[in-house]
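Below: one structure, written as structure tokens.
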Amino acid sequence: MRVPNLGETELLVPLHDGVFEQPMWHTFLARLMRVAEARGAAILLQSGKETVRLCTGDLALPAALGELRFGRAYAPEELGGACHAIRLPGEGGLSAVLLVDSGEGGISGLLTALAPHFTVALKVLAGLERERARSEMSAEAFARLDFGWIGLDAKGRIVDADAQAERMLRESGLLARGAYNRLVPADPAIDRQLTALVKDFAAKPKARPRAINLSHDPWIDILVAPLRLEALAGGKDAVAVVYLRGDRSSSETRAEQLVDLFDLTPSEARMAWSMAQGLSIAEAAAEHGLTIETARNYSKKIYAKTGARGQVDLVRHVLTGVLALA
């Protein structure tokens with residue numbers, strides 16, 4: 001087995017680690033400039049029409065970089081400047097140009113030797129960017145649906161939380177960070193229930209998730225579930241996850257939106273929102289001070305205007321339609 005020499009180790013470790021640096025590849029470029037005895041070194045990341053320039057030292061870019069072939073090292077005289085350059089392919093439309101401003105011999109050979117390693121690093125970067133984009137889209141969808149999550153350890157302490165859950169912790173008043181970072185519901189009965197569930201999930205990872213309602217207006221629910229994700233690294237302290245669904249709008253605001261969406265009267269809209277929350281016609285009538293007969297007449301008009309075939313269909317129309325994004 002051949003042991004890598006110091007020069008390879010000095011460059012390859014920061015090359016592969018560079019995708020996690022801010023700014024990216026800062027250490028690699030500094031060491032490359034030192035090894036090559038160069039005036040400057042740069043990486044141009046290209047994706048579509050966008051170019052990101054990462055540069056160390058004093059370096060003037062050649063004009064004809066867009067015409068470089070992948071994998072071939074170019075000497076300064078070929079580019080009409082002082083830079084050696086090599087263009088490397090990535091994935092998903094990402095590519096890069098590695099440049100070194102130096103008149104020293106052997107630079108083209110060094111760039112050629114680095115090329116396969118840099119290509120792997122670009123693939124890692126492309127993969128990270130894909131996952132980041134997916135994560136941001138998922139987070140945006142969760143935020144629009146008013147979902148959030150909080151990871152808890154066996155003692156009910158917050159291990160991690162997403163931005164939406166953090167907002168709910170700050171604004172709802174129904175959940176808060178207590179002493180030692182413990183998740184504390186405002187209702188003592190719910191606090192005891194949550195503590196018992198987390199303790200149970202720590203002992204029984206396959207236990208059934210449990211749903212708890214925190215508020216009816218605005219509607220806020222939590223689903224407490226055992227953490228079943230097997231992580232390769234990190235997150236080992238979490239034994240349970242609390243999924244939060246919190247409506248940012250009051251029932252009156254939702255009723256106004258239903259008026260706009262389905263051309264309901266304000267009274268019909270208030271009735272429709274109550275039924276969409278699972279109240280029976282009798283319960284909704286009592287909540288709004290209506291007779292049973294009036295409530296039944298409202299329900300018939302609501303079904304006709306929304307196109308719902310019954311209360312279950314009404315729930316689907318209201319809670320899975322665009323109001324979920326409002």
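The values are calculated or read from the model by the stated rules, or taken from the named source; none is laboratory data. Source: prediction; values computed, not measured. For neighbour counting, all protein chains shown are included, and Cβ atoms are generated from backbone atoms with ideal geometry for every residue, glycine included. What goes into the accessible areas is simple: the full protein's heavy atoms, side chains included, and nothing from ligands, DNA or RNA. Shrake-Rupley method; radii C 1.70, N 1.55, O 1.52, S 1.80 Å.
Here is how the numbers come out for the structure above:
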| read-out | value |
| --- | --- |
| Within straight-line cross-link reach of Lys206, lysines at Cα separation under 19 Å, skipping those fewer than 8 residues along the same chain | Lys155, Lys236 |
| Proportion of all alpha-carbon pairs of the chain beyond 35 Å (%) | 51 |
| For the range 40-166, radius of gyration divided by Kirkwood radius, i.e. Rg to Rh on alpha-carbons | 1.21 |
| DSSP bridge pairs, the range 76-217: antiparallel proportion in percent, nearest 5 | 100 |
| Axial C-alpha extent at least 18 Å, average Kyte-Doolittle at least -1.0 - helices from the chain (DSSP) | 107-144, 188-203 |
| Surrounding net charge for Tyr303, when Lys and Arg each add one and Asp and Glu each subtract one, Cβ distance under 12 Å | +3 |
| The range 55-90-the range 30-45 distance, computed between alpha-carbon centres (Å) | 12 |
| Within the accessible area of the chain (1.4 Å probe), percent carbon and sulfur | 56 |
| Inter-label distance, nm, simple model (7 Å from Cα along the C-beta direction), Glu140/Asp58 | 4.4 |
| Listed peptides 110-122, 193-205 by packing density, highest first (mean Cβ within 10 Å) | 110-122, 193-205 |
| Gain in span if fully extended, Glu171 to Glu283, counting 0.36 nm per residue against the direct Cα distance | 37.4 nm |
| Residues Glu21 and Asp187, FRET efficiency given R0 of 51 Å [Cβ-Cβ distance, rounded to 0.05] | 0.65 |
| Space enclosed by the convex hull of the alpha-carbon atoms of the range 112-199, per residue, Å³ | 137 |
| Cβ-derived FRET efficiency at R0 56 Å, Lys204 paired with Ala304, nearest 0.05 | 0.70 |
| The chain - charge dipole about Cα centre, Lys and Arg +1 at Cβ, Asp and Glu -1, debye rounded to 20 | 980 |
